[in-house]
Every structure is written in C-alpha cells, then in structure tokens.
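Peer 1: Next up is a structure, given as structure tokens.
The values are calculated or read from the model by the stated rules, or taken from the named source; none is laboratory data. All values derive from a computational prediction rather than experimental measurement. So basically every Cβ, Gly included, is an ideal-geometry build from the backbone, and we count neighbours across all protein chains shown.
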Amino acid sequence: MSNAALERAEAAKLPEDDIIGLLLTQHARMRELFAEVHLSLGDEKKAKFGELRALLAVHEAAEEMILRPVAKREAGEGEADSRNEEEEEAGRILAELERMDPDGSQFEAKLTEFEKAVGDHADHEEREEFPAVRDGCSQEQRRKMGKRLLRAERTAPTHPHPAATGSSAAQWTVGPFASLMDRARDAIAGGDRSRG
Ligand SMILES: [Fe+2]
Ligand SMILES: [Fe+2]
C-alpha cells in the first residue's frame with residue numbers, strides 16, 4: 001500500500017472529527033496532489049499546484065495553531081521546534097517554486113525536492129507527534145481540536161467558492177504562500193471566535 005492509502009486506512013479507524021484522522025487524511029491528499037501536479041500540464045497543472053498550496057496553507061496553519069501547542073507538552077519542546085524548522089524550510093523551497101513557470105524546465109526538479117521535504121516532514125509528524133498526541137489526549141480532546149480545524153475549513157478563504165469550482169482561474173489561490181498562510185491562520189482564529 002502507498003503512504004496515502006495507509007494514512008487513509010489509519011484515519012478511517014478514528015472518529016471523523018478526530019484531529020489526528022483529519023491531519024492524516026490531509027497528508028494523504030497532499031501526497032496524491034504532488035503526483036497529480038507532476039502528471040498534468042498547462043492550466044490543469046497550475047490549478048493543481050494552486051490546490052496543493054491552499055491545502056498546505058490550511059494544513060500547516062492548523063498544525064501550528066492547534067496541534068503543536070499540545071505536541072509541545074506531549075512530545076517535548078525539541079520535537080516541536082524540529083517540526084517547525086522543517087515547515088519553514090519547506091516554505092523556502094515553495095517560495096522558489098512559486099517564482100518558476102510550472103511548464104518550465106526547472107519546475108519538475110524543484111517540485112521533486114519540495115515533495116521530498118514535505119513527505120519527510122509528514123513522516124516525522126506521523127512517527128513522533130501524532131502518536132504522542134493520540135496517547136496524551138483523550139478522544140474528546142482530540143475531537144475538540146478536530147472541530148476547530150473543521151470550523152476553519154468551512155470559512156478558509158483558501159478554499160474555492162462553490163460558484164468558482166471548475167474555473168481554471170483559481171482566484172482563491174492568488175498570492176504567495178505566505179499570504180495564504182496568513183489567511184488560513186485568520187480562518188482558524190475567526191472560527192474560534194464564532195464558536196457557540
Ligand atoms: Fe506540518
Ligand atoms: Fe502535517
């Protein structure tokens with residue numbers, strides 16, 4: 001089984017609003033999207049790359065704001081610092097990719113480098129942080145964390161508007177990754193404020 005299939009199988013064993021299951025499903029989708037970006041061309045490649053960037057923004061913002069504060073307690077400060085550093089390094093590679101033409105000659109090699117950085121980072125999270133959070137938090141706590149992510153996802157401006165689905169313009173992914181991350185963080189904070 002591929003990593004993505006294993007992640008989906010693991011997520012299927014958890015309640016659908018469990019933070020660990022939601023993050024595992026996002027890891028699976030990221031791995032699939034990398035393959036889809038590699039395989040597509042032209043407007044489709046740009047749209048898939050936009051989808052990957054938007055998913056990464058919501059995912060990394062959720063890990064930063066929802067998972068990592070708990071992981072710090074359960075897996076240790078050093079662990080959390082290492083994961084944050086990997087995310088920063090991946091962000092630097094992504095910034096280089098964003099300056100390239102997706103149909104240009106250098107893009108594929110850089111995309112492969114980025115895929116490896118993101119994949120290794122996800123592997124480390126699944127080996128270190130996720131088990132620590134699973135063991136250290138009750139199911140109720142993990143579902144509460146998952147609900148924060150789901151609330152943010154409903155309002156995340158990094159998501160396509162239903163009316164825009166099918167549009168290759170992909171207005172919802174406009175701007176560099178850093179600004180997508182800011183919008184994703186705002187969506188999580190906004191979701192927290194609107195609770196209840
Ligand atoms: Fe991460
Ligand atoms: Fe992750």
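Peer 1: Can you tell which of 75, 4, 28, 47 is of a type outside the set (Asp, Glu), touching a helix residue (DSSP H, G or I) at 6+ places or on another chain (Cβ under 7 Å) and at pLDDT below 95?
Peer 2: 75
Peer 1: Pairs, please: C-beta under 7 Å, at least 6 apart or cross-chain, first residue aromatic (Phe, Trp, Tyr) and in region 171-196, second part of a helix (DSSP H, G or I)?
Peer 2: 172/54; 172/164; 177/53; 177/57; 177/91; 177/94; 177/95; 177/98
Peer 1: Here is a list of conditions, (1) free of Cβ contacts under 8 Å to residues at least 60 places away in the same chain; (2) in contact with an Asp or Glu (Cβ under 7 Å, 6 or more places away or on another chain); (3) under 29 Å from residue 154 (Cα atoms), and residue 107 meets all of them except one; can you say which number that is?
Peer 2: Looking at each condition in turn, residue 107 falls short on (3).
Peer 1: Further question on the same structure: Does residue 80 count as in a helix (DSSP H, G or I) and at pLDDT 95 or above?
Peer 2: no
Peer 1: Any idea how many residues of region 115-143 are buried (at least 20 other Cβ atoms within 10 Å of the Cβ), within 11 Å of ligand 1 (Cβ to nearest atom) and touching a residue at least 60 places away in the same chain (Cβ under 8 Å)?
Peer 2: Residues flagged as buried (at least 20 other Cβ atoms within 10 Å of the Cβ), within 11 Å of ligand 1 (Cβ to nearest atom) and touching a residue at least 60 places away in the same chain (Cβ under 8 Å) within region 115-143 amount to 5.
Peer 1: Answer with yes or no whether residue 152 is part of a helix (DSSP H, G or I), in contact with a helix residue (DSSP H, G or I) (Cβ under 9 Å, 6 or more places away or on another chain), surrounded by 15 or more Cβ atoms within 10 Å (Cβ to Cβ) and at pLDDT 95 or above.
Peer 2: Taking the combined requirement at face value, the residue does not satisfy it.
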